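Contents: one structure, followed by commentary.
Read-outs throughout are calculated quantities, based only on the coordinates presented, and are distinct from any laboratory measurement. What you are looking at is a predicted structure, and each value in this text was computed from that prediction instead of being measured.
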Amino acid sequence: MESAYALVMLHPTTDRKVREHDLLAAMVIRELRAKDIYAAVNHSEMGERSYVMVSGKDGTPRYEVRDSQRSRFTGYLRNVALNKVLLTNNFWPFVLATPLHAEVTIGIDVKNQTAGFTVVGRNGSFVKSCCHTSRQKEKLLKVQVLTHLAEIIRDEKIRLGRPVKSVVIHRDGRCFQSEMDGPAAAIDKLKGEGIWRGEVLSLKLELGDSRKAKAAADAANAAASFSSAAVSGLPRNNASVFGARIGVGATYSFDIPALW
């Protein structure tokens with residue numbers, strides 16, 4: 001079977017708890033990825049709330065969107081088209097107005113034993129995503145981070161045609177100590193291979209309340225040069241805007257003097 005992309009619609013399950021990760025969705029994505037199918041999951045609740053059956057002038061039944069839900073449903077469809085269709089298919093309908101500070105920005109997120117890595121070039125014209133399975137539910141071990149980051153930076157050396165000089169690593173959510181130790185070990189390994197000649201630039205902010213989040217948002221936008229990002233018309237492939245999402249309990253990494 002050739003590689004493919006998919007959008008999967010799921011009905012609600014009776015054992016799913018509010019504000020908890022959807023284990024069924026995680027399983028579907030994980031199992032399809034094992035078959036080289038990259039999938040996004042959509043849920044049926046919004047459609048069920050938004051549509052109502054009516055009778056036409058000839059008595060034929062049909063579905064239409066409730067007036068009370070029309071505005072919300074329109075925004076929902078826009079988000080589905082962007083997040084579930086375009087981004088899943090590696091189409092990035094954004095561009096950066098100004099370049100990032102680092103040559104390579106690497107975003108990491110871990111959820112339900114799946115680790116996602118997104119790699120962004122300095123001008124936003126190059127974006128690549130990859131997923132790996134983790135035995136740990138919400139974190140990565142040192143050796144996992146070492147292996148995956150080393151592989152990414154080796155590929156970046158080939159793409160750039162020279163050793164990588166600067167990298168920003170962004171961990172979405174809580175950053176564990178093993179995930180801090182992994183990049184340091186990866187850099188040491190890559191230095192020995194002649195692939196790395198720069199620094200890892202990183203700042204981690206543990207945000208505990210809305211006032212800290214506001215202060216961190218201002219600093220992060222300035223540090224990462226995300227405040228002047230601009231959106232282009234659709235379609236546009238392989239480019240993206242990465243705004244600084246600030247929320248309670250999140251961890252962010254931006255371009256400042258090296259920690260390692």
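Output ³J(HN,Hα) for region 61-67: one whole-Hz value per residue in order, computed from phi by the Karplus curve 6.51 cos²θ - 1.76 cosθ + 1.60 with θ = phi - 60°, and x for Gly and Pro.
x, 8, 9, 9, 6, 4, 4
Of all beta bridges DSSP finds with both residues in region 4-86, what is the antiparallel percent, to the nearest 5?
If I count the DSSP bridges inside region 4-86, around 40 percent turn out antiparallel.
By the gyration tensor of its Cα atoms, with a ≥ b ≥ c the square roots of the eigenvalues, what is the shape of region 1-108: rounded for a/c under 1.5, prolate for a/b over b/c, or oblate?
prolate
Taking amide H positions as placed 1.01 Å from N in the peptide plane, with prolines and chain starts having none, which residues 5 or more places from residue 6, or on another chain, fall under 5 Å of its amide H?
For residue 6, whose amide H was placed from the backbone, the distant partners under 5 Å are 38, 39, 40.
State which entries of 157/191; 111/157; 139/165; 111/142 exceed 22 angstrom in Cα-Cα distance in the structure shown.
From 157/191; 111/157; 139/165; 111/142, over 22 Å: 111/157; 139/165.
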